[in-house]
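The values are calculated or read from the model by the stated rules, or taken from the named source; none is laboratory data. Note that the structure is a prediction, hence the values are computed from the model and not measured. Don't worry about glycine lacking a Cβ; one is built from the backbone with ideal geometry, like all the others, and counts go over all protein chains shown. Surface accessibility is based on the protein's heavy atoms, side chains included, excluding ligands, DNA and RNA. Shrake-Rupley method; radii C 1.70, N 1.55, O 1.52, S 1.80 Å.
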Amino acid sequence: MQVDASPSDVTYHDLLPADDLPPGQMRLFTIAGEEVLVCSAVGGFFAVRNRCSHAESPLEGGRLRQNSISCPLHGARFDLPTGRALGGTGYRPLTCFPVKVEGGRVLVGVKG
Ligand code: FES
């Protein structure tokens, strides 16, 4: 996963039981003032900043498909593991956060 901080730069936040978020669902959290969208996809759990890189629109409510999310506003699609735009849109990548599952719980790392 492409992340914007090295593991030593981040503090992991225990967000929810892994069983509470089945594949194909997402949930929004606010961590240290940052909106973090946790997505349960085919490849596991991923966390991205809840802002599209095109026009800063919220990604919450976008369509999850395999390991990608589509922006609800104009439909740009992004790869969740890397944050990169798919389909040749040329948009900047999404901001991704490191995720780990420990003891059946989903933890997301946020800088600071
Ligand atoms: S704001 Fe997301 S595609 Fe335009």
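Given a 1.4 Å probe and every protein chain left where it sits, what share in percent of the accessible area of the chain is carbon and sulfur?
Taking all protein chains in place, the chain shows 46 percent carbon and sulfur surface.
How many angstrom lie between the Cα centre of the stretch 98-112 and the Cα centre of the stretch 11-89?
15 Å
Hey, can you grab everything whose amide H is under 5 Å from the amide H of VAL106? Only 5+ residues off in sequence or another chain; H modelled, so Pro and N-termini drop out.
For VAL106, whose amide H was placed from the backbone, the distant partners under 5 Å are LEU15, LEU16, ALA18.
Which semi-axis lengths, in whole Å and largest first, follow from the square roots of five times the eigenvalues of the Cα gyration tensor of the stretch 7-111? Working shown, then result.
Details: eigenvalues 93, 45, 28 Å².
The equivalent ellipsoid of the stretch 7-111 has semi-axes of 22, 15, 12 Å.
Under a Cβ-Cβ limit of 4.7 Å, which cysteines in the chain have nobody to pair with?
When partners are defined as cysteine Cβ atoms under 4.7 Å apart, the chain leaves CYS39, CYS96 without one.
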